[in-house]
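The structure appears below as structure tokens.
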Amino acid sequence: MKLITVSDEEELSRIAADILFTKVKSAKRLVLGLATGKTPQGMYRYLSKYSKECKQTFQHIHTVNLDEYVGSTTYHAYMEEHLFRHIDIPRDQIHIPDGEAASLIEECSKYEQMIKELGGIDLQVLGIGENGHIGFNEPGTSFDARTHVVQLTDSTLKANAKYFVDSEQPKQAITMGIGTILESKEILLLAIGERKANAVKELFKGSLSEDIPATALINHPNVTVLADKGARKLLDKES
Ligand code: PGA
């Protein structure tokens, strides 16, 4: 795992967008795995800006999002607001789990099949939960898990309550599984702020533990962690 430390959220957002934009520019076809949450917002802002300034097309890009709440379109709306309405990606090349599907089990297997048919994910962007989750794979999830329905933990519900001011927060979500994520050719994990310091410390301890889902990434051959000073604070203490 490669660690890149940056000073703050702004720098992290710019560097993450640079990494993605370089691939968008050079690839003939690219499958990008995307994340939601507070962390990648700045990255999407820069990516939208670069795309506009450079008149860069996204016609050759396919996207696959990590997760969505059950009975909700929260992350569909998020992606539209922060990225999709700013770029020219064809609508049928955007994929986000359907949290309103009549059969959630069927939706999960369809999602897996769709990723397979796309030829897998070239670059997956991840955030990290305070509890070490990736996507919505909560502590205790098997590292082999495929796309599945999860019961969200209190820690995650509390951290994401801000998205549900007027409506009730769903307690379940569909998430790409850890096994699915690990099949991505390359992974870029973003961590901002002291709230993530403990999860980042656990990640760099080097021991695999299903209690800290992000540790599944330790054995992946191509992972870059971009962390700001706050997020790597506990690493500094130990080094
Ligand atoms: P955040 O969430 O970006 O809103 O902190 C990250 C995550 O839970 O994966």
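The values are calculated or read from the model by the stated rules, or taken from the named source; none is laboratory data. Predicted, not measured: the structure shown is a model, and the values here were computed from it. With ideal geometry, Cβ positions are generated from the backbone for all residues, glycine too; neighbour counts draw on all protein chains shown.
Filtering Leu34, Leu83 for residues that are within 16 Å of the ligand (Cβ to nearest atom) and under 18 Å from Ile178 (Cβ atoms) leaves a single hit, Leu34. Could you go through the range 104-124 and let me know if any residue there is crowded, with 20+ Cβ neighbours inside 10 Å and in a loop (DSSP other than H, G, I, E, B). Scanning the range 104-124 turns up at least one residue that is crowded, with 20+ Cβ neighbours inside 10 Å and in a loop (DSSP other than H, G, I, E, B).
Among the residues making up the range 57-71, those that are assigned to a strand (DSSP E or B) and either among the small types (Gly, Ala, Ser) or within 23 Å of Lys162 (Cβ to Cβ) (or both) are Asn65, Asp67, Glu68, Tyr69.
The residues listed here are Ile94, Ile128; of these, the one that is β-branched (Val, Ile, Thr), closer than 19 Å to Ile181 by Cβ and away from the ligand (no atom under 14 Å from the Cβ) is Ile94. I need the full set of residues from the range 125-141 which are on the phi > 0 side of the Ramachandran plot and buried (at least 20 other Cβ atoms within 10 Å of the Cβ), in order please. Passing the criteria: Gly132, Gly135. The set of residues in the range 187-219 that are of a type outside the set (Val, Ile, Thr), assigned to a loop (DSSP other than H, G, I, E, B) and touching a residue at least 60 places away in the same chain (Cβ under 8 Å) comprises Gly193, Leu208, Glu210, Asp211. Regarding Gly42, is this residue outside any helix (DSSP H, G or I), among the small types (Gly, Ala, Ser) and surrounded by 14 or more Cβ atoms within 10 Å (Cβ to Cβ)? No: the conditions fail for Gly42.
Number of residues in the range 72-93 that are of a type in the set (A, V, I, L, M, F, W, C) and in a helix (DSSP H, G or I) equals 3. Being within 17 Å of the chain's Cα centre (by Cα) and at pLDDT 95 or above: is that true of Gln124 here? Here the answer is yes, as Gln124 does meet what is asked. For the criterion of being touching a residue at least 40 places away in the same chain (Cβ under 8 Å), of a type in the set (D, E, K, R), away from the ligand (no atom under 16 Å from the Cβ) and more than 30 Å from Leu104 (Cα to Cα), Lys23 passes.
Checking each residue in the range 142-162 for being within 15 Å of the ligand (Cβ to nearest atom), touching a residue at least 24 places away in the same chain (Cβ under 8 Å) and crowded, with 17+ Cβ neighbours inside 10 Å picks out Val150, Thr156, Ala159, Asn160.
Glu68 meets all of the listed conditions (1) touching a strand residue (DSSP E or B) at 6+ places or on another chain (Cβ under 6 Å); (2) more than 15 Å from the ligand (Cβ to nearest atom) but one, namely (2). Taken over the range 163-206, the criterion of being within 15 Å of the ligand (Cβ to nearest atom), under 15 Å from Ile128 (Cβ atoms) and surrounded by fewer than 17 Cβ atoms within 10 Å (Cβ to Cβ) is satisfied by Glu194, Arg195, Asn198. Condition first: more than 18 Å from the chain's Cα centre (by Cα) and in a helix (DSSP H, G or I). Can you find one or more residues in the range 132-153 that meet it? Looking through the range 132-153, none of the residues is more than 18 Å from the chain's Cα centre (by Cα) and in a helix (DSSP H, G or I).
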